[in-house]
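The values are calculated or read from the model by the stated rules, or taken from the named source; none is laboratory data. No experiment lies behind these values; they were computed from the predicted model shown. Cβ: placed from backbone, ideal geometry, glycine included. Neighbour counts: every protein chain shown.
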Amino acid sequence: MLRMDGCVDELRKKVSELKSGGASIGLVPTMGFLHEGHLSLVRKSREENQATVVSIFVNPTQFGPNEDFEAYPRDIERDASLLEKEGVDIVFSPSRTDLYKPDHSTFVTEDTVSRDLCGASRPGHFRGVCTIVLKLFNIIVPDRAYFGEKDFQQLQVIRRMVRDLNIPVTIRGCPIVREPDGLALSSRNVYLSPSERSDALALNRSLKEAKRCFDGGEKNAAALVKSVRSELEKVEGLAVEYVALRDAFDLSIVEEVEKPSVLALAVRAGRTRLIDNIILNEVSS
Ligand code: AMP
């Protein structure tokens, strides 16, 4: 496994060598502090490509001024050893100045899919995400890039950006990986105290309960949202940021669930912001 700490030109050179040998390239963009969720993307990329590049970069432009950029957990040595075991070809872990010149002034804005939900509570977040992801696409020029459905809105914003800007990459969405008790894996779970960790179980529990109502015939979005909200509100330690039921492709408002839809939520457990979602009416593949 090749570790490239920063030099963009060297990385380009290495990737083009792999490509000229006929390898297709899979890219897995991450912010590090890896867990089984990230590794599931890596495994998918390894299955589908001859070479896999994993980027590890805590991207400052997607954090708001009062968010946890400085505190975000980092452990590059542990990450590298996990990726080595997975048979990753290249780990790219640039520094801030490798990717953003001090006078960086160009950003990518998606204007519709990113507007509500996390976009409303984290102004500028998706602008930062689109900008870094497009930069990584331009540096690596992967055939395929892998994103988790855990960050469902992010996945759909990226799909829209790729479509709208004619970026020659295939976006692959991968299912949410959970702890055995249902909590979605997240690098931020390390922030949770034992009681917050147990409060957080309500996220998946409330979504599963709503899915049961849906499977039992409840198609009304307001009723499904209400069922999730009331389950979450039973837990004193959680503050609900949003619960929403949206079209699974463009995240537009849904009144009755007829097409594939996503039931998504964001809450705070203490100071930690957690998100989760479940797909309703999924098209079976
Ligand atoms: P992050 O390091 O949090 O930016 O995540 C990097 C990628 O891993 C994103 O595409 C996430 O959606 C994905 N990811 C994070 N957690 C999970 C999870 N529990 N299951 C599946 N994918 C995940």
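Residues I90, I25: which one is aliphatic (A, V, I, L, M), touching a Pro at 6+ places or on another chain (Cβ under 9 Å) and on the phi < 0 side of the Ramachandran plot?
The conditions single out I25.
Residues V42, V58, V129: which one is within 11 Å of the ligand (Cβ to nearest atom), closer than 22 Å to R178 by Cβ and aliphatic (A, V, I, L, M)?
Result: V42 is the single residue among V42, V58, V129 that is within 11 Å of the ligand (Cβ to nearest atom), closer than 22 Å to R178 by Cβ and aliphatic (A, V, I, L, M).
It is to be established whether one or more residues within region 10-27 are touching a helix residue (DSSP H, G or I) at 6+ places or on another chain (Cβ under 8 Å), within 25 Å of Y72 (Cα to Cα) and of a type outside the set (D, E, K, R).
yes
Pick from A210, A184: which is under 25 Å from S114 (Cβ atoms), away from the ligand (no atom under 15 Å from the Cβ), crowded, with 20+ Cβ neighbours inside 10 Å and of a type outside the set (V, I, T)?
That would be A210, the only listed residue that is under 25 Å from S114 (Cβ atoms), away from the ligand (no atom under 15 Å from the Cβ), crowded, with 20+ Cβ neighbours inside 10 Å and of a type outside the set (V, I, T).
So is I171 touching a residue at least 12 places away in the same chain (Cβ under 8 Å), outside any loop (DSSP other than H, G, I, E, B) and over 28 Å from D276 (Cβ atoms) or not?
no
Suppose we filter region 225-253 for residues that are in contact with a strand residue (DSSP E or B) (Cβ under 8 Å, 6 or more places away or on another chain) and either modelled with pLDDT under 95 or among the aliphatic types (A, V, I, L, M) (or both); how many remain?
Residues meeting the conditions: 12.
Mind checking which residues of region 107-131 are in a helix (DSSP H, G or I) and either over 14 Å from A264 (Cα atoms) or not hydroxyl-bearing (S, T, Y) (or both)?
C118, G119, A120, H125, F126, R127, G128, V129, C130, T131
Restricting the search to region 217-239, which residues are of a type in the set (A, V, I, L, M, F, W, C), in contact (Cβ under 8 Å) with a residue 12 or more places away in the chain and touching a Cys at 6+ places or on another chain (Cβ under 8 Å)? Before you say what the answer is, go through the steps one by one.
Filtering region 217-239 for residues of a type in the set (A, V, I, L, M, F, W, C) gives 221-225, 228, 232, 235, 238-239.
Still in the list and also in contact (Cβ under 8 Å) with a residue 12 or more places away in the chain: 221-222, 224-225, 228, 232, 235, 238-239.
The one that is of a type in the set (A, V, I, L, M, F, W, C), in contact (Cβ under 8 Å) with a residue 12 or more places away in the chain and touching a Cys at 6+ places or on another chain (Cβ under 8 Å): L224.
Considering only residues that are in contact (Cβ under 8 Å) with a residue 12 or more places away in the chain, assigned to a helix (DSSP H, G or I) and more than 10 Å from the ligand (Cβ to nearest atom), which ones fall in region 137-149? Explain how you work it out, then say what you get.
Filtering region 137-149 down to residues in contact (Cβ under 8 Å) with a residue 12 or more places away in the chain leaves 137, 139-149.
Cutting the leftovers down to assigned to a helix (DSSP H, G or I) gives us 137, 139-140, 149.
Within region 137-149, F137, I139, I140 meet the criteria.
For region 150-165, indicate whether the set of residues that are in a helix (DSSP H, G or I), among the aromatic types (F, W, Y), in contact with a strand residue (DSSP E or B) (Cβ under 6 Å, 6 or more places away or on another chain) and within 15 Å of the ligand (Cβ to nearest atom) is non-empty.
Checking region 150-165: at least one residue is in a helix (DSSP H, G or I), among the aromatic types (F, W, Y), in contact with a strand residue (DSSP E or B) (Cβ under 6 Å, 6 or more places away or on another chain) and within 15 Å of the ligand (Cβ to nearest atom).
Assuming R12 fulfils every condition listed in (1) within 11 Å of the ligand (Cβ to nearest atom); (2) part of a helix (DSSP H, G or I) apart from one, which condition is it?
In the conditions (1) within 11 Å of the ligand (Cβ to nearest atom); (2) part of a helix (DSSP H, G or I), R12 misses (1) alone.
Filtering region 187-204 down to residues that are among the small types (G, A, S) and closer than 22 Å to S227 by Cα, which residue is surrounded by the most Cβ atoms within 10 Å (Cβ to Cβ)?
The selected residue is A200.
Look at V190 and say whether it is under 29 Å from E47 (Cα atoms) and of a type in the set (V, I, T). Talk me through it step by step, then tell me what you get.
Numbers: under 29 Å from E47 (Cα atoms): no; of a type in the set (V, I, T): yes.
For V190, the condition - under 29 Å from E47 (Cα atoms) and of a type in the set (V, I, T) - is not met.
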